[in-house]
Amino acid sequence: MRLASHLHMSLFEVKRKTSASEFILWMEYLEWEINAFDKTAYYLAQVAAEVRRSYVKTPKSVKFEDFVMKFRSKNEEPDISVDASVRLQRQKQFFFGLTGLTGSAGKKKRK
């Protein structure tokens, strides 16, 4: 759904026009984009930290990094202990489930 929204296309169009490898690349990009460097967000975090420093007894204890918003919890981060090939296989299965494709890489057919 995020990809369809990002591309301003219907879900049907995205499923029809996107290959498995392209879909995986898009998912990686969209995950990266959530917390990509944004000057405005960092500026606002710095302003918020400075305001907070003016209200606490120990201003040096207030850290700028505490005010930079992250949009994934630790529970949602990928498990780095899982091999990259296993993660890739999971993503492929997810894509095939979305598109209705089944079977191995060489023998794909619609349900």
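Coordinate-derived values only; no laboratory data. Just so it is clear, the model here is predicted, and its values are computed rather than measured. Cβ coordinates were reconstructed from backbone atoms using ideal geometry, including for glycine residues, and neighbour counts include every protein chain displayed.
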Using label points projected 7 Å from each Cα along Cα→Cβ, tell me how many nm separate Leu30 and Ser61, to one decimal. 4.2
Enumerate the calculated ³J(HN,Hα) couplings along region 32-43 in order (Karplus 6.51 cos²θ - 1.76 cosθ + 1.60, θ = phi - 60°), each rounded to whole Hz, writing x wherever the residue is Gly or Pro. 5, 4, 4, 10, 5, 4, 9, 4, 4, 4, 5, 4
Simple spin-label estimate for Arg16 and Asp83 in nanometres, 7 Å along Cα-Cβ: 3.8
